[in-house]
Amino acid sequence: MATEVLGIIAPHPPIMVPEVGGPRARVTADSTEAMHDAARALDAYDPETIVLMSPHAPLVRDSFVIDTSPRVTGDLGQFGARDVQISAPGDPELAAAIVEEAERDGIPVVPRSGSPLLDAGLLDHGALVPLSFLDRAGRYPLVEVSLSFLPLALHRALGRAIARAARRKGRRVAFVASGDCSHRLTRDAPAGYDRHGAEFDAQLVEILSANDYPALERIDPGLIEHAGECGLRSFITLGGFLEGTGARTQVLAYEGPWGVGYLTAVAASPDLLQRAGITVVRQHDQSDIRSAGPSSGQSGDSIGTAASPTASGDKPASSDPALSSESAPVALARRTIETYVRDGRVFEPPPAAGLLAERHGAFVSLHRQGDLRGCIGTIMPTQSTLAQEIVRNAIQAATCDPRFNALRPDELADLEISVDVLGEPEPATPEDLDPREYGVIVSADRRQGLLLPDLDGVDTVEEQVSIAKRKACIAPGEGVSLQRFRVERYH
């Protein structure tokens, strides 16, 4: 007979919290609905303590960090929602037992309580975002655990140690595995695009749907590196916690807006799910996940809007005289879109010259009557010329942005187009950065995060670098190398 237990896999993008994302939070509606389902399961289970593993908790490379604080608190003020505050009692007794069980198995652990360097008792957004849906009132005592860069098998062993500690202390524990999937699903993804990102996410969904947690450790290490994920170690730890319980894992939602994969799942007995009222589980076609890659876009208003020069001597390709003032990049994008939407053909541009012959990443943004109608872009060049880059991204923006239906011929007449051309990244120091003028790329080991320039609410270099580090799952205190790049917009 299955032991009653509860595990929750939770994404943690701050934008899905309504107070942070506002109308944009609707983009993650599937994840939000799934988190409400998970919250009902948590209420039905009624744990005595929640143990939550966050990729954004203070990180020690060769040890796990266990917060033994008597109280934990935090808010989403850094994301513009200081009113989203969570304060909950800790469970120092259970935390100490986890440390003891881990040490008994030779697992390196560091207690976090009383350590100002490790921000003892301070909740990060990897904990705050899931808790804002699961337990915003702080009803349940909480123990936060960090992941580490130790072998994956040690994460599974830590999960087993947590389960043993809970049994030894007689605690009814729910385990929350916070983590996002690939950060490289699209051309405008925060960590850049990698075609293997969607493949990695598809494997995750398949493995978890099959309840085969050991298979997570058999994923090709090269694929993991290409994916740029931050959730795998949390999910593996959950697998160790669930061992021997007979719990089944139900994938409730998967979606990949903004170039990052968000997966929500509940691991529990069928009886618990029934008590929680979870009667319909949203299943997901693996082909949908694989195809969520390079076609997804980011809204054009998140790209720098500095005035840009127009390429001289190039005539627009459109036959509409009203468009004669368009720049060469925009004229090319328009001709491409008109040809594809009306005739179903890919426009072959003439031999490129000047700017269009260079290699750049580029975004193509479409608007009608002031409303966004599509946006697809590439951070780094993927084609031999900017002209070819624009042709590819223009077709994608017109037909493959998942937020919109494909553009219709009757929408071409009043279509507004802009093309953003990204400059080559160059090494930088913090003193070289300006969030209004430059985008930034932060790198640490194999992890990389990117933030475009001129974003609303990002006014300082510190904010810009901090957000880019969070996107790459780089801890606040870790050193990074910096690059900067410019963005020019053509109309």
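The values are calculated or read from the model by the stated rules, or taken from the named source; none is laboratory data. Just so it is clear, the model here is predicted, and its values are computed rather than measured. Quick reminder, even Gly has a Cβ in these numbers, built from the backbone with ideal geometry, and neighbours come from all protein chains shown.
Scan the range 413-425 for residues that are over 29 Å from the mean Cα position of the chain (by Cα), touching a residue at least 40 places away in the same chain (Cβ under 8 Å) and not in a strand (DSSP E or B) and jot them down.
D414
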Could you look through the range 144-188, keep only residues that are among the polar types (S, T, N, Q) and touching a Phe, Trp or Tyr at 6+ places or on another chain (Cβ under 9 Å), and pick out the one that is nearest to S69 (Cα to Cα)? S146
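Residue-by-condition table, conditions (1) under 26 Å from H125 (Cβ atoms); (2) assigned by TED's automatic domain parsing to the domain that holds R486; (3) within 18 Å of the chain's Cα centre (by Cα); (4) not basic (K, R):
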| site | (1), (2), (3), (4) |
| --- | --- |
| R359 | no, no, no, no |
| S365 | no, no, no, yes |
| T385 | no, no, no, yes |
| E411 | no, no, no, yes |
| D434 | yes, yes, no, yes |
| E437 | no, yes, no, yes |
| K469 | yes, yes, yes, no |
Would you tally the residues in the range 123-151 being within 22 Å of the chain's Cα centre (by Cα) and not charged (D, E, K, R)? 16
Taking R368, is it in contact with a helix residue (DSSP H, G or I) (Cβ under 9 Å, 6 or more places away or on another chain), at pLDDT 90 or above and surrounded by fewer than 21 Cβ atoms within 10 Å (Cβ to Cβ)? yes
Any idea which residue in the range 459-479 is surrounded by the fewest Cβ atoms within 10 Å (Cβ to Cβ), counting only those that are part of a loop (DSSP other than H, G, I, E, B) and modelled with pLDDT of 85 or more? G479
For E229, work out the one condition from (1) buried (at least 24 other Cβ atoms within 10 Å of the Cβ); (2) at pLDDT 95 or above; (3) acidic (D, E) it doesn't fulfil. (2)
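Please go through the range 218-258 and pick out each residue that is part of a strand (DSSP E or B) and farther than 28 Å from A191 by Cα.
R248, T249, Q250
Can you find a residue in the range 341-357 that is part of a helix (DSSP H, G or I), aromatic (F, W, Y), at pLDDT 50 or above and not assigned by TED's automatic domain parsing to the domain that holds A25?
Of the range 341-357, the ones part of a helix (DSSP H, G or I) are 341-343, 354-357.
If we keep only those that are aromatic (F, W, Y) as well, we get none.
No: zero hits.
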Here are S146, S182, S178, S209: which of them is crowded, with 24+ Cβ neighbours inside 10 Å, over 30 Å from P453 (Cβ atoms) and among the hydroxyl-bearing types (S, T, Y)? S146
